[in-house]
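The values are calculated or read from the model by the stated rules, or taken from the named source; none is laboratory data. Given the structure is predicted, the values throughout are model-derived calculations rather than measurements. All Cβ positions, even for glycine, are placed from backbone atoms using ideal geometry, and neighbour counts span all protein chains on display.
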Amino acid sequence: MLGIILGLALLMFLAYRGMSIIWIAPICAMLVAVTGGLGLLPAYTDAYMSGFVGFAKAWFPVFMLGAIFGKIMDESGAAKSVAHAVINVIGKKFAIMAVVLACAVLTYGGISLFVVVFAIYPLALALFREANITRKLIPGAIALGSFTFTMTAIPGSPQIQNLIPMQYFGTTPTAAPIMGVVGAIIMFGGGMLWLTYREKKYNAAGVLYTELETKIAEVDLSTLPNPIISALPLVAVITVLNVFGFHIITSLLIGIVLAIILNYKRLPKLVQTINGGASGSVLAIINTSAAVGFGAVVRAVPGFTNLTEMVLGIKGNPLISEAVAVNILAGATGSASGGMGIALEALGAKYVELSASSGIPLEAFHRVASLSSGGLDTLPHNGAVLTLLAVTMMTHKDSYKDIFMVGTLIPIVAVIVAIILASVGLY
């Protein structure tokens with residue numbers, strides 16, 4: 001048990017220091033192995049690599065196709081076109097909401113949150129300039145639209161955080177719709193209340209829009225494709241996945257083919273675009289697989305029995321123990337998918353048993369796992385947080401408070417409400 005705790009603590013410390021989980025995960029796993037009485041080489045070549053390869057085998061096509069889809073939508077201008085259409089409809093009077101909803105449309109349509117950050121930022125900057133709102137609120141607005149309700153809560157989302165539980169619970173992307181919709185309302189509503197409060201506070205203090213020292217290229221709106229046509233691949237992915245019940249791989253392939261057909265003339269270097277998306281997916285899948293490999297070693301040591309008893313021994317609804325486990329591990333790894341992967345790789349079978357004995361359907365376990373992955377994952381060392389701050393040219397001091405509120409605290413409240421709903425039979 002002590003070795004597992006030390007391994008997790010070291011993993012979190014090193015990740016916070018900016019070290020890649022690709023190489024720190026096996027080191028921390030070996031600490032768990034040696035304190036658990038396992039041979040180092042067998043622990044690495046067998047337990048660790050089995051977990052690593054197992055996750056990669058199951059999810060690499062989804063990571064790769066999702067990245068290619070996002071790259072095509074980005075480089076063709078389709079993503080920016082859809083985002084600008086949403087922003088234009090809502091207008092500068094509700095600038096923050098416009099940015100949040102533009103991000104939400106893109107992420108719910110299957111575009112990676114990393115792509116969304118790059119696509120939305122120039123548009124958000126122009127809108128905040130026009131509305132005279134401080135740039136410090138841009139990261140919070142993008143985080144709310146990209147890292148929260150469309151990633152983990154809204155039923156049918158094609159984001160990986162909503163798909164991973166399917167592997168362990170045999171569920172569908174629309175699992176526990178009531179819990180998901182209520183969770184999404186809490187995240188969106190609570191996040192908007194916070195950001196609106198912050199805007200008023202900044203305005204009262206005279207903190208308004210200031211120009212960047214380094215100019216970034218503004219989006220030439222006249223060159224963007226038609227927004228309705230641009231939205232068709234996003235709609236296709238969601239429809240094929242949820243209405244027709246196709247596999248996510250098939251859904252993404254249809255989205256990719258449709259995006260290429262509709263934007264072929266806008267993709268003069270199509271092969272390079274596809275290559276770029278495919279190459280970008282490798283780092284993402286390896287990061288998550290490395291975290292899952294750590295979880296496989298934890299499961300292999302004798303102390304895991306005690307850890308399981310401790311987590312599952314949390315009083316009350318078993319969904320509480322699942323929420324705690326996923327949140328802690330997502331926080332330790334700085335990764336929603338990585339933390340959930342570790343937790344479900346280690347405890348997923350136990351929760352299937354508890355579902356049968358408690359009468360709580362597996363759909364509820366699916367939704368709680370997904371919602372919980374989007375809580376403590378957005379601690380300061382999270383890769384998406386660091387990318388978001390870098391792209392928007394803000395510091396943790398400038399904007400992390402808002403990211404924490406909309407991406408960590410309010411989503412945890414949504415998890416609590418979802419568990420209460422499940423406890424009274426509303427799934």
Original post:
What number goes with the only condition from (1) small (Gly, Ala, Ser); (2) farther than 18 Å from residue 7 by Cα; (3) touching a helix residue (DSSP H, G or I) at 6+ places or on another chain (Cβ under 6 Å) that residue 357 does not pass?
Top reply: (3)
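Being of a type outside the set (S, T, N, Q), in contact with a Leu (Cβ under 6 Å, 6 or more places away or on another chain) and surrounded by fewer than 24 Cβ atoms within 10 Å (Cβ to Cβ) narrows it down to one of 178, 96, so name that one. So that I can check it myself, show each step before the final result.
On the way: 96 fails: surrounded by fewer than 24 Cβ atoms within 10 Å (Cβ to Cβ).
Result: 178 is the single residue among 178, 96 that is of a type outside the set (S, T, N, Q), in contact with a Leu (Cβ under 6 Å, 6 or more places away or on another chain) and surrounded by fewer than 24 Cβ atoms within 10 Å (Cβ to Cβ).
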**OP:** Of the conditions (1) surrounded by fewer than 21 Cβ atoms within 10 Å (Cβ to Cβ); (2) aliphatic (A, V, I, L, M); (3) modelled with pLDDT under 95, residue 274 clears all except one; give me its number.
**Re:** (3)
Original post:
Of the numbered conditions (1) among the polar types (S, T, N, Q); (2) out of contact with any Cys (no Cβ under 9 Å at 6 or more places or on another chain); (3) crowded, with 23+ Cβ neighbours inside 10 Å, residue 150 satisfies every one except a single condition; which is it?
Top reply: (2)
**OP:** Could you please find all residues in the stretch 351-385 being surrounded by fewer than 16 Cβ atoms within 10 Å (Cβ to Cβ), free of Cβ contacts under 8 Å to residues at least 60 places away in the same chain and either assigned to a helix (DSSP H, G or I) or among the acidic types (Asp, Glu) (or both)?
**Re:** 353, 356, 357, 358
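Go through the residues of the stretch 250-270 one by one and say whether even a single one is within 30 Å of residue 417 (Cα to Cα) and touching a residue at least 60 places away in the same chain (Cβ under 8 Å).
Keep residues of the stretch 250-270 that are within 30 Å of residue 417 (Cα to Cα), which gives none.
There is no residue in the stretch 250-270 that is within 30 Å of residue 417 (Cα to Cα) and touching a residue at least 60 places away in the same chain (Cβ under 8 Å).
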Original post:
What pairs can you find where one residue is in the stretch 2-17 and modelled with pLDDT under 80, the other is in a helix (DSSP H, G or I), and their Cβ atoms are less than 8 Å apart, with a gap of 6+ or different chains?
Top reply: 12/331; 12/332; 12/333; 15/21; 15/24; 15/332; 15/333
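Between 49, 30, 12, which is touching a Ser or Thr at 6+ places or on another chain (Cβ under 8 Å) and not polar (S, T, N, Q)?
On the way: 49 fails: touching a Ser or Thr at 6+ places or on another chain (Cβ under 8 Å); 30 fails: touching a Ser or Thr at 6+ places or on another chain (Cβ under 8 Å).
That would be 12, the only listed residue that is touching a Ser or Thr at 6+ places or on another chain (Cβ under 8 Å) and not polar (S, T, N, Q).
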Subject >> Matching entry among 170, 156, 191 (being buried (at least 19 other Cβ atoms within 10 Å of the Cβ) and of a type outside the set (Lys, Arg)) >> reply: 191
**OP:** Could you please tell me which pairs satisfy a Cβ distance under 6 Å, a separation of 6+ or placement on different chains, a first residue in the stretch 73-96 that is of a type in the set (S, T, N, Q), and a second residue that is buried (at least 23 other Cβ atoms within 10 Å of the Cβ)?
**Re:** 81/230
Subject >> Residues of the stretch 11-45 classified as aliphatic (A, V, I, L, M), within 20 Å of residue 283 (Cβ to Cβ) and not in a helix (DSSP H, G or I), total >> reply: 1
Original post:
Mind checking which residues of the stretch 193-233 are assigned to a helix (DSSP H, G or I), within 24 Å of residue 109 (Cβ to Cβ), touching a residue at least 40 places away in the same chain (Cβ under 8 Å) and not hydrophobic (A, V, I, L, M, F, W, C)?
Top reply: 223, 227, 230, 233
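Just checking, does the stretch 299-320 include any residue being basic (Lys, Arg), part of a helix (DSSP H, G or I) and either touching a His at 6+ places or on another chain (Cβ under 9 Å) or at pLDDT below 90 (or both)?
Pass one, the stretch 299-320, residues basic (Lys, Arg): 299, 315.
Okay, now just the ones that are also part of a helix (DSSP H, G or I), so 299.
In the following step, the residues that additionally are either touching a His at 6+ places or on another chain (Cβ under 9 Å) or at pLDDT below 90 (or both) were identified as 299.
Yes: one or more hits.
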